[in-house]
Amino acid sequence: MAKASDYSLGPHTFPRGWFVIAESSELTNKPIALRFFGKDFALYRGESGRPVLLDAYCPHMQTHLAGGTSAELVKQGKQIEGDSIRCPYHGWRFGPDGNCDNIPYFEGNYPRSAVINSYPVKEVMGCIMMWHDPESSEPAYPAPYLKEWDEPQWVRWELDHLGELAIHPQEILDNMADARHLGPTHGAPCEYFETEFRDHLYIQRQGGVHAGYGCMLTTATWYTGPGILLSKQRFGDILTFELIVLICI
Ligand code: FES
Ligand SMILES: [Fe+2]
């Protein structure tokens, strides 16, 4: 499998951007263990409803915050207090900013090293999106949002988990410029085709007659950063229907 360096994409293995890491519907006050970008995370929903994403390992003795089920605290569902989370081992509590805010058996100043990395997360269009940046900068652009998500005439999506591909993400992005697969793969050879880079957006516009439906298919497709593709697709000229596709890498 190609590495980022093979594509001259800089020193980091994983790119910066917004990435979908979970679905809203699976996020409760029961923390879940995630692994992305070669790292382990703990994701949970605080009592205020906000999603919180922390590095998985407690700075005290490196216990995974969401990795086990045997601790009494976990069995009783008492890990989350407000928007903070308690480590199942000795019960140290960490706020959504990752700072230790309580040690059950200790009064006084908490050790300065008692802090976990916390990551920017947004809940958008039924998805939990995280800002991943190997240089730990704040988000450079907003997570994508479509107003259609909140319009009643649209049916909301549920995500299919399609699994893992043993390829570099760049090879998926490269597909945006591939005009000649549209006929053989999608049944609608393009009559017009263009791509555009605009800041963090990578946009494709194309259209052609769809062999299966016997009508025009026009699409406007764009990546918001390297991880999230949205595509508005319109079938037909006079009687039309529209759909929106979301693909998360
Ligand atoms: S290992 Fe987390 S509180 Fe001790
Ligand atoms: Fe395609």
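Quick look at the values:
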{"read-out": "Some residue of region 43-55 being touching a residue at least 24 places away in the same chain (Cβ under 8 Å) and over 30 Å from G163 (Cα atoms)", "value": "yes"}
{"read-out": "Extreme residue, farthest from ligand 2 (Cβ to nearest atom), among residues of region 153-169 that are hydrophobic (A, V, I, L, M, F, W, C) and loosely packed, with under 14 Cβ neighbours inside 10 Å", "value": "V155"}
{"read-out": "Those residues of region 143-153 which are in a loop (DSSP other than H, G, I, E, B) and free of Cβ contacts under 8 Å to residues at least 60 places away in the same chain, in sequence order", "value": "Y145, E151, P152, Q153"}
{"read-out": "Every pair of residues 6+ apart whose Cβ atoms lie under 9 Å, when the first sits in region 211-228 and is at positive phi while the second is assigned to a strand (DSSP E or B)", "value": "G225/G17; G225/W18; G225/F19; G225/L201; G225/Y202"}
{"read-out": "G207 buried (at least 16 other Cβ atoms within 10 Å of the Cβ) and away from ligand 1 (no atom under 16 Å from the Cβ)", "value": "yes"}
{"read-out": "Residues satisfying the stated conditions in region 77-92, i.e. within 14 Å of ligand 1 (Cβ to nearest atom), of a type outside the set (F, W, Y) and in contact with a Ser or Thr (Cβ under 6 Å, 6 or more places away or on another chain)", "value": "C87"}
{"read-out": "Residues located in region 134-152, provided they are open to solvent by less than 60 Å² (accessible area, probe 1.4 Å) and either among the hydroxyl-bearing types (S, T, Y) or within 16 Å of ligand 1 (Cβ to nearest atom) (or both)", "value": "S137, Y141"}
{"read-out": "Residue count, region 6-59 (criterion: of a type in the set (V, I, T) and under 12 Å from the mean Cα position of the chain (by Cα))", "value": "2"}
{"read-out": "Scan of region 2-48 for residues that are at positive phi and open to solvent by 30 Å² or more (accessible area, probe 1.4 Å), ordered by number", "value": "S8, G10, F37, G38"}
{"read-out": "Residue pairs meeting the criteria (Cβ under 7 Å; at least 6 apart or on separate chains; first farther than 13 Å from Y202 by Cα, in region 171-186; second open to solvent by 60 Å² or more (accessible area, probe 1.4 Å))", "value": "A179/F193; L182/P189; G183/P189"}
{"read-out": "Residue selected from region 170-201 under the condition open to solvent by less than 60 Å² (accessible area, probe 1.4 Å) and more than 15 Å from ligand 2 (Cβ to nearest atom), by the criterion nearest to W131 (Cα to Cα)", "value": "L201"}
{"read-out": "Residue in region 83-100 that is out of contact with any helix residue (DSSP H, G or I) (no Cβ under 6 Å at 6 or more places or on another chain), open to solvent by 30 Å² or more (accessible area, probe 1.4 Å) and among the small types (G, A, S) present", "value": "no"}
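The values are calculated or read from the model by the stated rules, or taken from the named source; none is laboratory data. Since the structure is predicted, the reported quantities are computational estimates derived from the model, not experimental observations. Every residue, glycine as well, gets a Cβ built from its backbone with ideal geometry; the counts of neighbours run over all protein chains shown. Each accessible area value is taken on the protein alone, full model and side chains, heavy atoms only, with ligands, DNA and RNA left out. Shrake-Rupley method; radii C 1.70, N 1.55, O 1.52, S 1.80 Å.
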